[in-house]
Amino acid sequence: MANGDFLNIAIEAAITASYTILEDLPKIKDPSFKGKIDLVTRTDTNSEFIIKSIISKSFPEHSILAEESGSNQIKSDYLWIIDPLDGTTNFVHGCQPFSISIALHKKGKPLIGLVLELPSSKLYTAIQGEGAFCEGRSIVSSNVEFVEKSLLATGFSYNHDRLWENNMKIFKELTRRSQGVRRFGSASMDLCYVAEGKLDGFWEFGLKPWDTAAGILIAQEAGCKVTSIEGNVFSIYDNNILVTNQKINSEIINLISNVKTVS
């Protein structure tokens, strides 16, 4: 099957699940807690059920890794990685943005990535080797050459631990060095905003594969550089990420390395 066919199924799954999310948006939410302040709603689980059902119907032999239900325990070269509602806290409070993120890997290599921005229903997609798109329009990363001229974004873990404390110090330094650092509350959207040049860079600690798998491919296909914060080759299973345009990656790595963090 062609990668475009995989993408079409992902689009069908995301759009179908989005109807449930948007229908629930104006309603009073009754979230549960995965952690002290880490929310999950019935909308998350309903969206995930819809996405998994559509994918499993088309590809019953494929593996699935989803945020709320984990792995389906099927052994396959193909792995679908799903975040049914990235930015749940935003969703609960009626604050934008939040999103659906779906990626497909084969033997650990990305084939497709899709992020559906909500509530705008703006669709970001990428197929390996074929570029990145927003609503069918080709997108590319920015050409900003220096951090002092950049707009950046980050996110903070729900666990107020050592990594959270360290990121606060990095946040302070990069806010001082750049034109600003935003926190949108959806890592998938942060990656897409860097991909289309709205942002020049994004970093975060403590993310999971479903947070980054789709957005990374979109960013890479848009010409972004994706590394760890130390500058190493990035894996979706790493505990930190740095995504920038091609010109400020090294400068940000250098600035972060000089921040006095707690090991």
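The values are calculated or read from the model by the stated rules, or taken from the named source; none is laboratory data. The shown structure was predicted, so the numbers you read here are calculated from the model rather than taken from an experiment. Don't worry about glycine lacking a Cβ; one is built from the backbone with ideal geometry, like all the others, and counts go over all protein chains shown. To get the accessible areas, we keep the full protein, side chains included, count just its heavy atoms, and leave off ligands, DNA and RNA. Shrake-Rupley method; radii C 1.70, N 1.55, O 1.52, S 1.80 Å.
With the full set of protein chains in place, find how many percent of the accessible area of region 58-150 is carbon and sulfur; take the probe as 1.4 Å. Write out the running numbers ahead of the final one.
Details: 1950 of 4020 Å².
Heavy-atom surface of region 58-150 belonging to carbon and sulfur, 1.4 Å probe: 48 percent.
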_Can you tell me the convex hull volume per residue for region 26-127, based on C-alpha atoms, in Å³ to the nearest whole number?_
106 Å³
*For region 100-223, build the charge dipole from Cβ charges (+1 Lys, Arg; -1 Asp, Glu) around the Cα centre, then report which of 159, 184, 142 sits farthest towards its positive end.*
159
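What is the dipole size for the chain, taken about its Cα centre, with +1 at each Lys and Arg Cβ and -1 at each Asp and Glu Cβ, in debye to the nearest 20?
Details: 26 positive and 31 negative charges, 99 e Å.
I would put it at about 480 debye.
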*Size of electric dipole in region 129-205: Cβ of Lys, Arg +1 and of Asp, Glu -1, about Cα centre, debye, nearest 20*: 320 debye
*Please report, in debye to the nearest 20, how large the charge dipole of region 154-197 is about its Cα centre when each Lys and Arg carries +1 at its beta carbon and each Asp and Glu carries -1 there.*
220 debye
*From the residues 43, 4, 72, which one has its Cα farthest along the dipole of region 1-103 in the positive direction, the dipole being from +1 and -1 charges on Cβ of Lys/Arg and Asp/Glu about the Cα centre?*
43
_For region 64-69, 3J(HN,Hα) per residue [Karplus equation, 6.51 cos²θ - 1.76 cosθ + 1.60, θ = phi - 60°, Hz, x = Gly/Pro]_ = 9, 10, 10, 4, 7, 10
*For the chain, what is the accessible area per residue in Å², given a 1.4 Å probe and the full set of protein chains?*
46 Å²
*With axes computed from alpha carbons, what is the tilt in degrees of helix 162-177 against the longest principal axis of the chain, rounded to the nearest 10 within 0 to 90?*
60 degrees
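Classify region 122-180 from the C-alpha gyration tensor, please: rounded if a/c falls under 1.5, else prolate or oblate depending on whether a/b exceeds b/c.
On the way: a/c = 3.33, a/b = 1.65, b/c = 2.02.
Because a/c hits 1.5 or more and a/b fails to exceed b/c, region 122-180 counts as oblate.
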*Using Cα pairs closer than 8 Å and at least 6 residues apart in sequence, work out the relative contact order for region 105-263, in percent.*
27 percent
